[in-house]
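First comes the structure, then the notes that go with it.
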Amino acid sequence: MRDFQFHRPSTVAEAKKLLGQCEAAKLLSGGQSLLPVLKLDMAQPSDLISLSGIASLRGIRFDGNRVEIGAGVTHAEVAASMDLQKRVPSLTKLADGIADPQVRNRGTLGGSLAHADPAADYPAAVLALSATIKTDRRTIAADDFFVGIFETALASDEIIESCCFQIPRRAAYAKFASHASRYAVVGVMVAQFADGVRVGVTGAGPSVFRWKEAEAALSNRFAPDAINALCYHPDDLTSSLEASAEYRAHLVKAMTQRAVTNALQQGGLS
Amino acid sequence: MKPNASQDSRMVGDALPRREDRRFVTGAGRYVDDLVLPDQAYAVLVRSPHAHATIRAISTETAKASPGVLGVFTGQDVAADKVGGIPCGWLVKSKDGTNMVEPPHPMLVLDRVRCVGDQVAVVVAESKAAAREAAMLVEVDYDILPAVASIQAALSDGAQTVWDQAKNNVCFDWDLGDKTAVKAAMNRAHKVVELTVRQNRLIPNAIEPRAALGHYDAANDHYTLYTTSQNPHLIRLLMAAFVLGIPEHRLRVVAPDVGGGFGSKIYHYAEEAIVTWASKKVGRPVKWTAERSESFMSDAHGRDTVMKAHLAVDKDGTFLGLCVHNLANMGAYLSTFGPSIPTYLSATLMAGCYTTPAIYVEVKAVFTNTVPVDAYRGAGRPEAAYLLERLVDKAAKELGMDRLEIRRRNFIREFPYKTPVALEYDTGNYDATLDLALSVGDYNGYAARREASKSRGKLRGIGFSTYVEACGIAPSALVGQLGARAGLYEAATVRVHPTGSVSVFTGSHSHGQGHETTFAQLVAGHLGVPFDNVDVVHGDTDRIPFGMGTYGSRSLSVGGSALVKAADKIIAKGKTIAAHLLQVAETDVEWHCGEFRVRGTAQKKTLGEVAFAAYVPHNYPIDKIEPGLEETAFYDPKNFTFPAGCHLCEVEVDPETGVVEVVNLVAADDVGVIVNPLVVDGQLHGGLVQGIGQALYEEAVYDEDSGQLLTGSYLNYGMPRASDVPSFKVGTHATVCAHNPIGSKGVGEVGAIGCPPAVMNAILDALAPLGVTDLSMPATPEKVWRAITAAKTAQ
């Protein structure tokens, strides 16, 4: 790790200003992805701007059928929120299954979304729960946010302020975790709304995606066997030491069916 | 913690909590990286990014000019100083009588790198950051050569050679046993069962990365090396005599608290010699501490063999003969004990606990462009046990016999038993540990548990391994005949202080094994002094007379025996002193655990009184003996010890995803006499977790083409975690070791030896109804899923 200047602004505006002033600054939230990269010298920022002192990035707020979670809220805070456990248990369960307790105590929702790791868990929820991402300058729909591997629609100086999830009738996240890293080899979030079902798949490909055929079949009939006839094609999926594309394709379907089963077991929430 | 002075209930057998844990769990342990010497400088190694390349040129000018740099050294500097290479500690001869190919192993390579991570240069600087910065400025011009990254690649036609002197990459081609007798057995067999198994390559992953701090004191022309070692005296011997040419009395090696070794810290590594040599070069103490990614690519790896076996069986399941062809990966260089692992520590165990009358084993060792392979927890015996126990299960299946019945049919029951592969088992009772496993594991309730799993959509399987291993290594004369270049005794000193408290100095090294407790118990019990009055000192060549260190589960059976011998000398001398003080004949003095008593009277002297007299010898048999009460003993074992047992494993397989969960694991072991049952449980638990790690998760993978280490971090090297394992059920049944004074056999490795075959046999049992007949370690979810899918397709 190289030397860097450290800043801890107390407002988003101040953070933005610093970002403009510094030569090669990086925003630091929980640091659970950035710090390993720094330690391996794979990034050498001149400045780190910590977002941990910005009060407006904190908090979980309910508004009708939506819940807005601040970008600085940690995975552990999401997992422990009693209100969320009552109204969106799928999301608290997802947060509780990210990595390990140390990561969950530091890592944040905003950091995870901005980093856009193809095997991160939250992106599946963002797609399935039809979220909108609120930044310092605009609101981005979930379907437009994730662009590619470690790539989002964010401008280089754009700061995520919060993420607003739609509260589903029922939903569940089924994750097949890598034994070594605990990242998702395949993670599937299935969410049923009054107007249909959304299926977000993470880990399997270079970026999170929706499985539209499964959405159609499950919108028609919300049951695990509703997708029996479907098969996810391995062509666009990732092949690695961890899992081949064929195995991931198999898991996409298996995890989708498990998510549906789990969602049904939880019962309807609205 | 009750000190007990009664001879009948000595401390041996008490489950005392480990006294060293107070400092470990409060963060007060002192490891090599915690040591800071005045003016200390830091070393960072420039390592090869290529698996195989010639070095055209190295430019160090920019690096030398970098801020804070004290020196940059390459293989040229090493050669100019006429520094020797890292020696191999074991010579294996091929069938034709020729010596193994023993290539040089320089501390910094001169002109050719042979594995990713090979040491090319070292930068010494004022700070670690400055050294790292400068290391990136060392320019190495490589001419990349084709790499051979696996046994198969190394032996393929026209393969690139790793060493010009090793034709076809063969290091040695060795054999053991009676080939003719085995051939005859195959000919008259009812059936010949064939099986090929691969031992996945493992990375030891001690929690403390390796570190070394070298200090040359010019004023006294004296060197000190602080290092993460399992055997500081061995490092002193190898580094002084073979590498740096330092007289041994001018070199002190200290291995302070060491955070795990599992074999990986036995060997003399280049970095130890580099910091010691560089310290003299720059006139400052020099410290190197491995980054975790360096550990992955530079600690010696374990296992990595391919074995093909033929077992000749009679109609009734009696084993008639066994033939094994073993291919073993040595890596790019020969590590300290590398050649002995697949040969003398593995082939010699091919009888297992069975009476197979004829056995023949061939071992072909090959060089590859990978990090050296050496002993890792179990070292050769897990390989033998895994092959045999998989093979025995397969034989039972092919004969339509019960898996336990075929084992019992072939168990050795008369001891001592001389195997056809050079060992003589002194004691054992294999039926007893098998029965124990069945009762502890509630074998009778298995069918019901299987049905319960089925109702949850899971496939349940049960597997066994009835293994034997050889440890407590080893008789020096025997291993000398077999090619060892060192003796394998142990040394100990017992010092009784004037006030009767005791310091114990042992050549064994504790890096997690709990010696400070176990050895204190042993001596406290033997001398009848309170546990708290005995301290154990280890890990410093200036304080300990000598030592061969800790590996091969030898500390208690060899190191402990040396302690008992030294304590016996204390008692013998004490008798002379007591007889003088009591004015009786020596023959009238009886030792009664802590007291010298005059036979038939109430007269006595305590050990404390005798010790005081020895140090204040006013009234003393000075014409017969010297003052003082301190004795040293060297103990050379008469034989290996042979722990054995039965491991029973139950798994649940998710047929949809291929995920395997170990749901029940029973270890019923015969480790001989137990000094501290708590320590034994801990050793077993650790070994079992590593056994499950090998069976299900761990594998070091090199890219076939480039020779890059693909599993170079915890992102993709699967370490077993607490949540991966069930609550173990362990039981012991002791048969007493017949040839050492404690009766102990050793426990450090049995978990890692007995467990993997039990796990794999359980998985194969679970999958048998689907038609799956073979599976390799690690049984990852995708591998299991593919096996299930392939079996379904075939049906």
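Descriptive notes on the structure:
- Relative intensity of chain B on a log10 scale, I(q)/I(0) at q = 0.06, 0.08, 0.11 Å⁻¹, equals -0.40, -0.70, -1.24, per a Debye sum over C-alpha point scatterers of equal strength in the absence of solvent.
- Neighbour net charge for B:R201 - beta-carbon separation under 10 angstrom, K R +1, D E -1: -1
- Shape category assigned to region A:5-50 from the gyration tensor of Cα positions, a/c cut at 1.5: oblate
- One chain, two ends: B:D39 and B:D705. Fully extended at 0.36 nm per residue, the span grows by 235.3 nm beyond their Cα-Cα distance.
- Peptide A:241-253 shows a mean partner chain C-beta count of 4 within 10 Å per residue C-beta.
- Kyte-Doolittle mean at least 0.0 and Cα axial length at least 24 Å: DSSP H helices in chain B: B:561-582, B:750-767
- For B:I55, the shell of other residues with beta-carbons less than 15 Å away shows a net charge of -2, using +1 for Lys and Arg and -1 for Asp and Glu.
- Normalising the Debye intensity of the protein assembly as shown to I(0), with uniform scatterers on Cα atoms only, and taking log10 at q = 0.04 Å⁻¹ returns -0.24.
- Coupling constants for region B:711-722 follow from the phi torsions by the Karplus curve (6.51 cos²θ - 1.76 cosθ + 1.60, θ = phi - 60°), and in residue order they are 9, x, 7, 6, 5, 9, 9, x, 8, x, 10, 4 Hz; glycine and proline get x.
- Cβ-Cβ distance of B:D774 and B:K729, R₀ of 30 Å, FRET efficiency by 1/(1 + (r/R0)^6): the value works out to about 0.55.
- Scoring A:56-62, A:254-260, B:730-736, B:123-129 by mean Cβ neighbours within 10 Å over their residues and listing the highest first yields A:254-260, B:123-129, B:730-736, A:56-62.
- Scoring B:696-709, B:225-238 by mean Cβ neighbours within 10 Å over their residues and listing the highest first yields B:225-238, B:696-709.
- As a length-normalised measure over Cα pairs under 8 Å and 6 or more apart, the relative contact order of region A:5-50 settles at 59 percent.
- Across region A:247-258, computed HN-Hα scalar couplings (Karplus, 6.51 cos²θ - 1.76 cosθ + 1.60, θ = phi - 60°) run 5, 4, 4, 4, 5, 4, 5, 4, 5, 4, 5, 5 Hz from first to last residue, x flagging Gly and Pro.
- Gap separating the Cα centres of region B:222-246 and region B:698-759, nearest whole Å: 29
- Whole-Hz couplings from phi, Karplus 6.51/-1.76/1.60, listed for region A:13-29; x for Gly and Pro: 4, 5, 4, 4, 5, 4, 4, x, 7, 7, 5, 9, 8, 10, 7, 10, 10
- Per residue of peptide B:782-788, the mean number of Cβ atoms on other chains within 10 Å of the residue Cβ is 3.
- Checking the Cα-Cα distances for B:K569/B:K624; B:K394/B:K729; A:K39/A:K93 against a 21 Å cut-off, the pairs over it are B:K394/B:K729; A:K39/A:K93.
- A simple count of charges around A:F176, restricted to other residues whose Cβ falls under 13 Å of its Cβ and scoring Lys, Arg +1 and Asp, Glu -1, yields 0.
- Listed residue pairs exceeding 21 Å between alpha carbons, taken from B:K638/B:K745; A:K16/A:K134; B:K573/B:K638: B:K573/B:K638
Every read-out reported here was derived from the displayed coordinates using simple, explicitly stated rules and does not represent laboratory data. No experiment lies behind these values; they were computed from the predicted model shown. Backbone-built Cβ (ideal geometry, glycine too); neighbour counts: all protein chains shown.
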